[in-house]
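Reviewing the structure listed below.
The values are calculated or read from the model by the stated rules, or taken from the named source; none is laboratory data. Just so we're clear, the structure is a prediction, and the values are computed from it rather than from any experiment. When we count neighbours, we look across all protein chains shown, and the Cβ atoms used for this are built from the backbone with ideal geometry, even at glycine.
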Amino acid sequence: MNAKRILSLFLAAVLTLGVAVTPAVAASAASALPGSAALEESNGPVSIKLTASGPLVYGSPFELVVETRPAETQYLGVVLGTKGEAKGFVTLVFSDKIRTLLKMIPLPKRMSATPDQTTDFNLYSYIKQLIDGNDVEVLLRVADEVASVMDALQFYIPTIKDVSTGLRLALEMIRKYLPAGSMSRIYVDEQPSDAGSYIAGAIALESGDLNTAGVAFFKIKPKTEGVRVYWAQEAPAAMTVEEARSFNAAAVVESDGQVVENGKVTYSYKKKSSFFGGTTIGGFPTEPGTYTQTAKAAGNYSSEKITRTIVIN
């Protein structure tokens, strides 16, 4: 995605928020923005806790939930995938009031990727349309400038400072924990699903409580129940070198009786030898000898290993 489009997105968001604070909608904006007068009356210690409901297994229903005390505390959350299939996953999580405020600001349907849709199109939909599935590096390159623009609008919307500070802290977390060189993809308010390791953090946006944050580490396990692997092509008792070079050595991943498209499999090969029990080789053999091939489901699925003997004359 073009960096200028990302920048224009956030500038549009900020400027629209500035326009929104007019006499016509000032009351609704004041109740939705973090740090409003109603919240300041009960300003006190803030705690943030991240919990996951349901089994943390790929394909099983679960939900990552941010719990705050007081319950009305506004926050900006970040979930990062650091290992496994999750590596490179990033999602920004808005609190309910911030999300509601963005949805209150309508935009022309012609700005939608699907202008013939029947549902209302708003600023929140526009943000998701531009960000979801794109590379996080684009956001990192322009977000500091965006936060500076937010700071410049403090005179019109004092509470925007809390959001810009929260954004900066969220970016620090992304830079610190996002694996270097990973193929990253960023979303808005999307639940993690791929198997792997994650770190999640939430930053309070209440005035005076910006240092309050909650951090959690969690894993989503690969699915094992109902998962098996089997050979795509059975091996003959023996084959020639030419037959070995054209042989389909792959294994198929199956989950609950259905073939997993592009299912990941790890393979290992060992050549039979009279010394030390055999020699490990890097790929499917194409030279004469007797070999053992092993396969196991990987990625979002895990299975028992299967093995077979490959004889090349």
**Asked** Does Gly263 satisfy the criteria of being more than 18 Å from Gln233 (Cβ to Cβ), in contact (Cβ under 8 Å) with a residue 12 or more places away in the chain and out of contact with any Gly (no Cβ under 6 Å at 6 or more places or on another chain)?
**Response** no
**In the stretch 91-113, residue farthest from Val65 (Cα to Cα) [restricted to those that are in contact with a helix residue (DSSP H, G or I) (Cβ under 9 Å, 6 or more places away or on another chain) and without any contact (Cβ under 8 Å) to a residue 40 or more places away in the chain]** = Met111
**Asked** Given the residues Phe62, Phe10, Phe94, Phe89, which is the only one that is modelled with pLDDT under 80 and among the aromatic types (Phe, Trp, Tyr)?
**Response** Phe10
**Request:** Return the total of residues in the stretch 259-311 being among the aromatic types (Phe, Trp, Tyr) and either surrounded by fewer than 14 Cβ atoms within 10 Å (Cβ to Cβ) or not assigned by TED's automatic domain parsing to the domain that holds Asn248 (or both).
**Result:** 2
**Item:** Residues satisfying the stated conditions in the stretch 244-258, i.e. touching a residue at least 40 places away in the same chain (Cβ under 8 Å) and surrounded by 14 or more Cβ atoms within 10 Å (Cβ to Cβ)
**Value:** Ala244, Ala249, Ala251, Val253, Ser255
**Message:** If I ask for residues that are modelled with pLDDT of 85 or more, within 30 Å of Ala71 (Cβ to Cβ) and aromatic (Phe, Trp, Tyr), which ones from the stretch 175-234 would you list?
**Reply:** Tyr187, Tyr198, Phe217, Phe218
**Prompt:** Looking at the stretch 49-115, what strands (runs of 3 or more DSSP E) fall wholly within it and have at least 1 residues that are charged (D, E, K, R)?
**Reply:** 63-69, 75-84
**Prompt:** Out of (1) at pLDDT 80 or above; (2) crowded, with 19+ Cβ neighbours inside 10 Å; (3) farther than 25 Å from Glu72 by Cβ, what's the single condition that is false for Gly133?
**Reply:** (2)
